[in-house]
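Since the structure comes first, as structure tokens, the remarks are kept for the end.
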Amino acid sequence: SSSSSSSSSSSLSLSLSSSSSSSSQGYIEWSTFVQAYLRCKRDKSGKEPRRLYNLIVFMICDKDGGGTMSEDECAEVLFNRFGRSALAADMSEKLFKEAGSTGGFLTFEQFLKVLHVFESDHKPTEEELKPKKR
């Protein structure tokens, strides 16, 4: 049971599709948000929607709120999502330059360009598609 006074602090404002219930009033519960984030984070098949997830990852890395993330943080995201092959030094540097990185930092749009290269090239292996034992 949740109290009504804490419901606004445990919700996130989002534009929801017209198919959602009218009682949602443009919000999703915090638990729903966290569940969707974790599903995307664990997804190896590439079937989970990524737009909101990519924005959240970028915002987590944009610690000062200035609208950029460091190339090192981007490399860490690539490693966590795509594995060791994403960290080939010459490839990462080339990608960052092609995306328009300046001064070692990427904007959100540049981050999406880098992700797009990996997402379009990455085909999940049989090992990645196997359910993880818990």
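The values are calculated or read from the model by the stated rules, or taken from the named source; none is laboratory data. Keep in mind that this is a model prediction, so the values were computed, not measured. Cβ sites come from the backbone with ideal geometry, for glycine too, and all protein chains shown count toward neighbours. Quick note on the areas: whole protein, heavy atoms, side chains included, nothing else; ligands and nucleic acids left out. Shrake-Rupley method; radii C 1.70, N 1.55, O 1.52, S 1.80 Å.
Annotations for the structure displayed:
- Sites MET91 and GLN25, calculated FRET efficiency, Cβ-Cβ separation with R0 35 Å, nearest 0.05: 0.15
- Here the range 49-121 has 57 percent of its accessible surface on carbon and sulfur atoms, given a 1.4 Å probe and all protein chains in place.
- Couplings 3J(HN,Hα) of the range 25-38, computed from phi: 6, x, 10, 10, 5, 4, 4, 5, 4, 4, 4, 5, 4, 5 Hz, in residue order, whole Hz [Karplus 6.51 cos²θ - 1.76 cosθ + 1.60, θ = phi - 60°; x for Gly and Pro].
- Sorted into 5 angstrom bins from 0, the C-alpha pair distances of the range 40-111 split as 3, 17, 26, 25, 20, 9, 1 percent.
- The residues of the range 49-121 present an accessible area of 60 Å² per residue when probed at 1.4 Å with all protein chains retained.
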